[in-house]
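Okay, so here's the structure we're looking at.
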Amino acid sequence: MLRVELDTTDIKILRELQRDGRMTNVELAERVGISAPPCLRRVRKLEEMGIIEGYAAILNGPKLGYDLVAFCLIGLKHQSEANLKAFAALAESWPIVREAWMVSGDSDFLLRCTAENLTKFQDFVIEVLAANEHVDTVRTMLTIRQVKKLGLVEI
C-alpha cells in the first residue's frame with residue numbers, strides 16, 4: 001500500500017525513471033503518454049515530496065577492479081543505543097562498506113562490502129571489524145554471482 005497518493009501517471013514516471021534515470025524529460029513524457037511540461041512538473045513534485053531521492057550512475061565494480069562482494073553479519077557485545085549509534089557511525093566511514101543495515105535477529109548489523117580482492121576484504125574483517133571494541137561476532141558470506149538486480153522498490 002502506498003503511503004502517498006500517486007496516480008497512474010506518477011507510477012509510470014517512477015517505473016521509467018527507476019529503469020533509466022538518465023533519459024530526457026521529452027523521452028520520459030513520451031514513454032508515459034503525456035506532454036513534456038506536465039511531465040517535468042510531476043517529476044519535480046515527486047522530487048520535492050522525497051519520493052525521488054536522487055539520481056546516480058550504476059557502476060560496474062569488476063570493470064573498475066572491485067571483484068569481490070561480500071556480506072557481513074555483525075553482532076555487538078552490547079546493544080545499547082550508544083553502541084548501536086557508534087557502530088552505525090563507523091560503518092558510514094568505511095569505504096569498503098557500501099550499505100549498512102541495522103537488523104533484528106541473531107545479528108545487529110548487515111553490511112554489504114565491495115573490495116578489490118579477497119585479501120583486502122580479509123584485512124578489513126580482521127583489522128577493522130573483528131578488532132572493533134563494540135563487535136562480538138563477525139560472520140561473512142562471499143558472493144558467487146549476482147542473479148537479480150532491480151530498483152529498490154517495486155512500483
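The values are calculated or read from the model by the stated rules, or taken from the named source; none is laboratory data. Note that the structure is predicted; figures quoted are calculated from it, not measured. Cβ sites come from the backbone with ideal geometry, for glycine too, and all protein chains shown count toward neighbours.
Restricting the stretch 53-84 to residues that are among the β-branched types (Val, Ile, Thr) and modelled with pLDDT of 95 or more, which is surrounded by the fewest Cβ atoms within 10 Å (Cβ to Cβ)? Once the filter is applied, the top-ranked residue is Val69. A search for C-beta distances below 6 Å between a residue of the stretch 12-28 that is under 18 Å from Val153 (Cβ atoms) and any residue that is assigned to a helix (DSSP H, G or I) and β-branched (Val, Ile, Thr), counting only pairs 6+ apart in sequence or on different chains, returns Lys12/Val32; Ile13/Val32. Residues that are free of Cβ contacts under 8 Å to residues at least 40 places away in the same chain and surrounded by 18 or more Cβ atoms within 10 Å (Cβ to Cβ) were ranked within the stretch 108-133; the one that is nearest to Gly75 (Cα to Cα) is Asp108.
Restricting the first member to the stretch 140-151 and to residues that are more than 23 Å from Ser107 (Cβ to Cβ), and the second to residues that are assigned to a loop (DSSP other than H, G, I, E, B) and not aromatic (Phe, Trp, Tyr), the beta-carbon pairs closer than 9 Å and six or more apart or on different chains are Lys149/Ile58.
Residue-wise test of (1) out of contact with any helix residue (DSSP H, G or I) (no Cβ under 9 Å at 6 or more places or on another chain); (2) acidic (Asp, Glu); (3) outside any strand (DSSP E or B).
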| site | (1), (2), (3) |
| --- | --- |
| Leu46 | no, no, yes |
| Leu73 | yes, no, no |
| Phe87 | yes, no, yes |
| Pro95 | yes, no, yes |
| Phe121 | yes, no, yes |
| Val128 | no, no, yes |
| Met141 | yes, no, no |
| Arg145 | yes, no, yes |
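On inspection, Arg22 fails the criterion of being basic (Lys, Arg), out of contact with any Pro (no Cβ under 6 Å at 6 or more places or on another chain) and outside any loop (DSSP other than H, G, I, E, B). Any residue in the stretch 85-92 that is out of contact with any Ser or Thr (no Cβ under 7 Å at 6 or more places or on another chain) and either exposed (fewer than 10 other Cβ atoms within 10 Å of the Cβ) or in the same structural domain as Asp20 (by TED's automatic domain parsing) (or both)? For the stretch 85-92, residues out of contact with any Ser or Thr (no Cβ under 7 Å at 6 or more places or on another chain) and either exposed (fewer than 10 other Cβ atoms within 10 Å of the Cβ) or in the same structural domain as Asp20 (by TED's automatic domain parsing) (or both): present.
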